[in-house]
1. FRET efficiency for Glu34 and Asp101, Cβ-Cβ distance as r, R0 = 30 Å, nearest 0.05?
2. Hey, rough spin-label estimate for His61 and Glu109, points 7 angstrom out along Cα→Cβ, what's it come to in nanometres?
3. Label-point separation (nm) for Leu41 and Met1, each offset 7 Å from Cα along Cα-to-Cβ?
4. What list of ³J(HN,Hα) values in whole Hz, one per residue of the range 27-36 in order, does the Karplus curve 6.51 cos²θ - 1.76 cosθ + 1.60 (θ = phi - 60°) give from phi, with Gly and Pro shown as x?
5. Any idea which of Gly82, Phe72, Asn98 is furthest toward the positive side of the dipole for the range 25-112, if Lys and Arg beta-carbons carry +1 and Asp and Glu beta-carbons -1?
6. Direction-averaged shadow area of the convex hull around the Cα atoms of the range 10-70, nm²?
Amino acid sequence: MDHLEIRFRILLLLYNKFFGGEYHEWQKVEKVIEEAELLNLDNRYDVYGDIVYLKDSNFIHDLGMWPNGHSFPPFIRITENGIRYVEDNFNNLIQGINESDIDMGSKNELTSELSKQNSIVGKIKMFSEYIKLHPGLVVSLSLLLIRNGVAVGRSIRKYAISESKLLDSIGSAQMEQQIQKNCLLILH
């Protein structure tokens, strides 16, 4: 997992908490790491470094009280810049889907579902749920987003796999092979 994906997972989690009613709540970093499914990374210090990067880039705030010996803040919450970043990436994703060659039926269904939501927050939540229920779209969306350089491209595939619980190791390996095959077709 690269730094962009780690940062986006953290921001998306904080975004959902903020708009889920916890906007005044400071989030414990260790709990954020756990809920963003970043506990199993080989180098945990990459995650802490990315948290510091997000703070220094003004995507998250901290309480300013770092215990002695800590190189990362113990509590964080998303800033307006972080919210804007998540929403901009989501809007880029939707624009990319509309301009893509993804199956028209899936595209129309997704567009219809998104149009039922009045707010960007509702659209992001609905999209996350839709992806969980339609893991077959993950390959197409991953390729589209990686091709367009959108940070969420790498997150969507892993999110759908982990949340849907519909894919076992064989399905995951087949998906990996299909992504590699499609990437090679795009590059040639």
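1. In this case the efficiency is close to 0.20.
2. 4.2
3. Using points 7 Å along Cα→Cβ, the separation is 0.7 nm.
4. 9, 5, 4, 4, 6, 4, 4, 5, 5, 7
5. Phe72
6. 4.4
No lab work stands behind these numbers, since they all come straight from the coordinates. From a predicted model like this one, the values you see are computed outputs, not experimental measurements. Virtual Cβ from ideal backbone geometry, glycine too; neighbours counted across all protein chains shown.
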